[in-house]
Amino acid sequence: MTGWRKQLRAGRFRKAGFFVESHSADVAGRRIALHEYPGRDQPWPEDMGRKTRGFTIEAYVIGTDYMAARDALIAACNEAGPGQLVHPYLGTRSVICEDCQVSETTQDGGMARFSLSFVEAGENIHPRAVPEPGAAVTRAADQAIEVTVESFGKHFSINKAPQFVIDDARAWVEKISRSFNIPDLPSLDIPDLLSEPRRLARWLINQISDPLRLPANPFWGTRRGGTPKMGNQSNTTPSRRRLIANHQALNSLVKRSEIIGQARSAITRNYQHRGEALAMRNHISKRIESEMYAASRGQDDPAFETFRTLNTVLVADLNARAPSLSQTTTLTPKQAEPALVTSYRIYADAGRADEIISRNRIIHPGFIPADRPLEILTHA
């Protein structure tokens with residue numbers, strides 16, 4: 001046997017073997033962008049890098065069990081992503097199968113011929129697409145709105161109710177509006193909203209969860225006066241039962257609206273340090289879990305699942321942000337000194353004196369007392 005035959009290797013793509021009848025390959029060349037200019041006789045061939053390598057193989061499988069070998073090679077070519085090609089002439093390459101054609105004839109029984117085209121796999125040097133920060137929370141919050149609107153529509157109604165039930169519902173909506181500093185509705189709009197519960201719910205949610213109406217303190221709960229207390233209401237008549245059901249529906253609507261607003265605010269807030277982000281996570285998660293419990297008791301499965309999803313993605317989002325944030329620690333000055341001196345000594349930056357003053361409630365910026373622990377930020 002001649003020397004070159006000894007150097008040939010058995011053909012294989014992934015785990016599927018084959019025999020080679022012939023092959024061709026793009027083994028050299030450059031990618032050229034040809035620039036031609038008016039009034040110039042010579043073009044400029046701009047070199048854009050090495051040409052992509054391509055391989056074409058005329059292959060076959062043969063034998064009494066050739067069909068199994070045929071199917072294995074077809075499956076290998078259908079598999080996603082790059083795979084290892086053992087090329088009998090060119091060695092091992094990482095490639096993607098671009099084309100696979102098979103032919104069989106009764107004349108060549110027990111044999112299948114393949115025309116295979118491969119292109120080198122290369123590497124992805126471009127940034128991979130990553131989800132936008134907070135996108136999952138936004139989607140979950142939007143879904144929570146829809147579930148809340150639907151739930152409110154099922155439990156709130158003034159249809160065929162006596163006037164005192166209608167007046168009570170109107171009074172509640174007006175009190176909620178005042179509590180959240182919502183602009184007064186024209187008097188004719190409230191009756192229209194009361195008769196369309198889903199429209200009323202969507203309007204209230206959008207107003208209550210608006211970041212512009214969120215209180216300065218992020219760790220707030222249901223606002224005082226947000227929903228009037230029900231007190232001891234008799235439920236002995238259908239009208240009284242309807243009034244109580246409307247109270248409960250409005251209470252639930254306000255609580256859920258605040259939770260949705262908090263979740264939306266949490267992913268846009270600029271946290272000063274890691275502890276603040278984790279405290280926000282724990283605070284909102286606790287409120288969501290309380291709402292999940294209420295939904296479970298009320299056998300409101302869609303609300304339970306939606307708020308569970310919101311809790312999961314919110315916790316994951318804030319957990320992902322936390323490692324990149326600064327941490328807090330304490331430092332005790334050994335002698336009294338101005339805040340500018342303390343700032344420069346700690347950070348090598350006198351410009352952070354105001355931060356130290358504000359964080360530690362220093363009365364006079366020219367005098368930080370000795371032996372008083374200071375809370376300071378450290379780098380992430």
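The values are calculated or read from the model by the stated rules, or taken from the named source; none is laboratory data. Keep in mind that this is a model prediction, so the values were computed, not measured. Neighbour counts are summed over all protein chains in view; Cβ atoms, including those assigned to glycine, are modelled from backbone coordinates with ideal geometry. Surface areas here come from the heavy atoms of the whole protein model, side chains and all, with no ligands, DNA or RNA. Shrake-Rupley method; radii C 1.70, N 1.55, O 1.52, S 1.80 Å.
Taking GluC sites (Glu not before Pro) in DSSP loop conformation with at most 10 other Cβ atoms inside 10 Å as exposed sites, the chain has its longest uninterrupted site-free stretch at 124-380.
Number of Lys-Lys pairs in the chain with C-alpha atoms under 16 Å apart and a separation of 8 or more places or on different chains: 4. On the beta carbon distance between Asp26 and Ile74, with R0 = 22 Å, the FRET formula returns roughly 0.35. Which FRET efficiency value, to the nearest 0.05, do you get for Phe19 and Glu132 by plugging their Cβ-Cβ distance into 1/(1 + (r/R0)^6) with R0 = 41 Å? The formula returns an efficiency of 0.20 here.
Measure off, as a whole percent, the carbon and sulfur share of the 1.4 Å-probe accessible area of the chain, all protein chains present.
Details: 11490 of 22920 Å².
Carbon and sulfur: 50 percent of the exposed surface of the chain.
Label sites at Asn206 and Glu289, each approximated as a point 7 angstrom past Cα along Cα to Cβ, lie 3.4 nm apart.
Taking amide hydrogens as placed 1.01 Å from N in the peptide plane, the amide H of Ile368 sits under 5 Å from those of Glu337, Ala339, each at least 5 positions away in sequence or on another chain. In the full protein context, the chain carries 60 Å² of accessible surface per residue, based on a 1.4 Å probe and ignoring ligands, DNA and RNA.
Between Ile62 and Lys154, the modelled labels are 7.0 nm apart [label points 7 Å from Cα along Cα→Cβ].
Between Arg359 and Asp301, what's the calculated FRET efficiency when r is the beta-carbon distance and R0 is 30 Å? Round to 0.05. List each step's numbers first, then the result.
On the way: r = 45 Å, r/R0 = 1.51.
E between Arg359 and Asp301, to the nearest 0.05, is 0.10.
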